[in-house]
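Since the structure comes first, as structure tokens, the remarks are kept for the end.
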Amino acid sequence: MKTDPNWASPPGETIRRLLAAREVSSEELADRIGLRSDQFETLISGQSRITLAIAEALAETLGSSPRFWLARDKSYVRELARLGATKPADEESWVATMPTKSMKRYGWLPQAARGQTLRSQLLTFFGCASIQEWGVRYSSGVGEVAFRTSLAFPADGMATLVWLRAGEKQAELLGLRKYNSQGFKKLLPALRRLSAFKHPKSYLARLQSACSEVGVAVTSSRAPDGCRASGASWFNRNGNPVIHLSFRHLSEDHFWFTFFHEAGHVVLHGQSHIDGEGASIIAADPSDQEAEANAFAQDILLPLGVRERLTADRPSRSAILAAARESQVTPGIVVGQLENAGVLLHGKMSFLKRRYHWEADPYIPTVRS
């Protein structure tokens, strides 16, 4: 009678064997993949997942195909899930860390879910069969995904992870073409014109459609209580960038700046910056990357020439309206940029901004009347 083994072999064991056979050093492989030494060790030990980019690098250096390496990793996750067993107390602690009140309020969990039913519904939300599988999939933690937040790090990591998963689930349903990096970069300046649409439902649908044509997923959802993320971006296993937005601060200027900030990360930093599967490859100085993404967004929304004219003196309402027409954005976006630059006092021209509020839909807010 065949019995299943009581152990699980991480893909790192296969990687080590092939390194030895091909006389390639681990440092050389880590460099080719684009990982620091500590990140490479988490990959070898099975603590982080093999992404499409890593699978392609492994195939090129060690042989086989990217599909083989992705399948090898998935097999390891399944084996861990089969072998794992948690105590009831551990399961209760896991459930207790989740922002279940927000998730029920948004319709992501049934209102009546309690006990084992709640646990099962949470696993379904994450697309996992067990807590062990969930642990392997998210072993690197939400800190491995680059967020733009008003603080250094979200206050509640699990709430942020739930918010990320809401974007991941939406991205899985979008019909995306193969990612076209040059096409996306060329498309971006034209997308600022979508700010002319008053209602988020109108411009978000157009934004999603345009970006999907060049292989980029744009998703949005309300953040659970405790999550302070404005936006996040990562590459999924198919190599498609995902830009997830929270409509934090519920104003048009903040939304559009966040979108172009995350687009800046995708264009400027690519897969060397972020990865939504928990195997992030973050550059040594992410603060520099944040500054670059900020400048990228600023240059698209308010071109340098326009910005210099406006910042030379205190801009009037008529000057702001003229700058908005020239830059093909709304006056509210111009006001937001001038506030960030310290040219306008916050609130001075805020009546020009469109504001939003949340109603029943947890994915898209409505215009505040």
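The values are calculated or read from the model by the stated rules, or taken from the named source; none is laboratory data. Note that the coordinates shown come from a computational prediction; the quantities given were computed from them, not determined experimentally. Positions of Cβ are backbone-derived with ideal geometry, glycine not excepted, and every protein chain shown enters the neighbour counts. Note: accessible area is taken over every heavy atom of the protein model, side chains too, but ligands, DNA and RNA are not part of it. Shrake-Rupley method; radii C 1.70, N 1.55, O 1.52, S 1.80 Å.
Compute the distance in nm between two label points, each set 7 Å from the Cα along the Cα-to-Cβ direction, one at SER209 and one at ASP225.
For SER209 paired with ASP225, the spin-label model returns 3.8 nm.
State which entries of LYS101/LYS178; LYS74/LYS104; LYS198/LYS348; LYS74/LYS169; LYS104/LYS201 exceed 28 angstrom in Cα-Cα distance in the structure shown.
LYS101/LYS178; LYS74/LYS104
Semi-axes of the equivalent ellipsoid of segment 157-213: what are they in whole Å, largest first, if each equals the square root of 5 times a C-alpha gyration tensor eigenvalue? If you can, show how the numbers build up before the last one.
On the way: eigenvalues 103, 56, 24 Å².
Semi-axes from the Cα gyration tensor: 23, 17, 11 Å.
Please work out whether segment 279-369 counts as rounded, prolate or oblate from its C-alpha gyration tensor, where a ≥ b ≥ c are the square roots of the eigenvalues and a/c under 1.5 means rounded, while otherwise a/b larger than b/c means prolate and anything else oblate?
Verdict is oblate for segment 279-369.
Nearest 0.05, what FRET efficiency do GLU308 and ARG368 give at R0 = 51 Å with Cβ-Cβ as r?
Taking R0 as 51 Å, the efficiency between GLU308 and ARG368 is 0.95.
To the nearest 10 square angstrom, what accessible area does ILE44 show with a 1.4 Å probe?
Surface accessible to solvent at ILE44 totals approximately 10 Å².
Length gain on complete extension for the stretch SER45 to ARG177, per 0.36 nm per residue less the alpha carbon to alpha carbon distance? Write out the running numbers ahead of the final one.
Numbers: separation 132, 0.36 × 132 = 47.52 nm, distance 3.34 nm.
Gain in length upon complete extension: 44.2 nm.
If I stretch the segment between ARG193 and THR117 completely, what's the gain in nm (0.36 nm per residue apart, minus their alpha carbon distance), one decimal?
That pair, ARG193 and THR117, stretches by 22.8 nm at full extension.
I need the shape label for segment 150-276. Rule: rounded when a/c is under 1.5, else prolate if a/b > b/c, else oblate, with a, b, c from the alpha carbon gyration tensor.
Judged from the Cα gyration tensor, segment 150-276 comes out oblate (a/c at least 1.5, b/c at or above a/b).
Stretched out fully, how many nm does the piece from GLU326 to LEU268 gain, at 0.36 nm a residue minus the Cα gap?
Separation in residues times 0.36 nm, less the Cα-Cα distance, equals 18.3 nm.
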